[in-house]
Amino acid sequence: MGRIRTLVVGAEQALMRFPYGPDRLARVVTGSIVLFGPPGAGKGTQAARISSLTGKPQVSTGDMLRTAVATNSDLGMEAKEYMDAGLLVPDEVIIGLISQRLQQPDAKSGLLLDGYPRTIVQAESLEKIELVVAVISIEVPDDAIVRRIVGRRMDSETGQIYHVEFNPPPKEVADRVVQRKDDNEETVRSRLSAYHEQTAPLAEWYSDRGVLLRIDGDRGIDDVGDSIESVLLKLSGADA
Ligand code: AMP
């Protein structure tokens, strides 16, 4: 009974008017949206489109940690060895980072969380401070992941993600693309096992709370994006 009430109240809040995005998305969710899935599922690739659709700022914990590593901050120095080994950084480190980010003014209507939460402990902590209205689970089988990640490149200026084979960078960008240090086959295997052991159980956790939206991510970028857009339109009631 308590859970049903929580969901009803959550749904009412979800139908508050949203000031951004195209007209058909005028009524969208207040609260955060979580992008969920294995490394290389396409969370970062899809984030820009979802962010412009919903007006929610994208927040990638991986990007925040990489910035911390690049600037040699205390946080970066602590996180680096876990990241290089393909392991998750300790919950207490990452929970503090997100709690602070949620206090920024632009987080008021919710964030688009990319790569967070990744453990049940993180999800439980998030639940205490933020309404999660949708968890978009982008599902891709393991064998496709390795091929995707090893060919992944990033524009060092804009952060835009490409793939040498599936989504090659345009000529003017090709010279400045970089490969992430942890995008090699050995580290990918560790990241995949961390995903299966620590992160995958969260799908059921969110499914029990009625917010999990499953998307077949083993397709082209636009097809996956179209499916995500259509579930978000349904969620907002804007497809009616
Ligand atoms: P990503 O860019 O999301 O693939 O994250 C890169 C690396 O950052 C991961 O392999 C982890 O070491 C670390 N990381 C990012 N997000 C989290 C998180 N929510 N919890 C723990 N570690 C994280």
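Might you let me know whether region 174-191 holds any residue that is away from the ligand (no atom under 13 Å from the Cβ) and in contact with a Phe, Trp or Tyr (Cβ under 8 Å, 6 or more places away or on another chain)?
Within region 174-191, one or more residues are away from the ligand (no atom under 13 Å from the Cβ) and in contact with a Phe, Trp or Tyr (Cβ under 8 Å, 6 or more places away or on another chain).
Given the conditions (1) more than 13 Å from the ligand (Cβ to nearest atom); (2) at pLDDT 95 or above, which single one is not true for Pro22?
The number of the failed condition is (2).
Mind listing whichever residues of region 49-97 are farther than 22 Å from Ser125 by Cα, hydroxyl-bearing (Ser, Thr, Tyr) and in contact (Cβ under 8 Å) with a residue 12 or more places away in the chain?
Ser51, Ser52, Thr54
For region 153-179, which positions are hydrophobic (A, V, I, L, M, F, W, C) and under 18 Å from Gln46 (Cα atoms)?
Within region 153-179, Met154, Ile161, Val164, Phe166 qualify.
Give me the helices (runs of 4 or more DSSP H) completely within region 71-158, filtered to those with at least 3 residues that are within 14 Å of the ligand (Cβ to nearest atom) and surrounded by fewer than 19 Cβ atoms within 10 Å (Cβ to Cβ), ordered by residue number.
74-84, 91-101, 120-129
Inside region 41-91, can you point out the residues that are closer than 24 Å to Ile136 by Cα and among the charged types (D, E, K, R)?
Lys43, Arg49, Lys56, Asp63, Arg66, Asp91
How many of the residues in region 51-66 are out of contact with any Gly (no Cβ under 8 Å at 6 or more places or on another chain), part of a helix (DSSP H, G or I) and more than 11 Å from the ligand (Cβ to nearest atom)?
Here the count works out to 1.
For region 108-120, give me each residue that is over 18 Å from Ala194 (Cβ atoms) and touching a Pro at 6+ places or on another chain (Cβ under 7 Å).
Scanning region 108-120 gives Leu111, Leu112.
Based on what the data block shows, is Pro38 modelled with pLDDT of 95 or more, loosely packed, with under 14 Cβ neighbours inside 10 Å and within 16 Å of the ligand (Cβ to nearest atom)?
Against the criterion (modelled with pLDDT of 95 or more, loosely packed, with under 14 Cβ neighbours inside 10 Å and within 16 Å of the ligand (Cβ to nearest atom)), Pro38 does not qualify.
Say whether the condition of being of a type in the set (Asp, Glu) and touching a residue at least 60 places away in the same chain (Cβ under 8 Å) is met by at least one residue in region 164-184. Spell out the reasoning first.
Let us first name the residues in region 164-184 that are of a type in the set (Asp, Glu), namely 165, 172, 175, 182-183.
In the following step, the residues that additionally are touching a residue at least 60 places away in the same chain (Cβ under 8 Å) were identified as 182.
Checking region 164-184: at least one residue is of a type in the set (Asp, Glu) and touching a residue at least 60 places away in the same chain (Cβ under 8 Å).
The values are calculated or read from the model by the stated rules, or taken from the named source; none is laboratory data. Everything numeric in this text was worked out from a predicted model, so none of it was measured. Note that we place each Cβ from the backbone using ideal geometry, even for glycine, and neighbour counts take in every protein chain shown.
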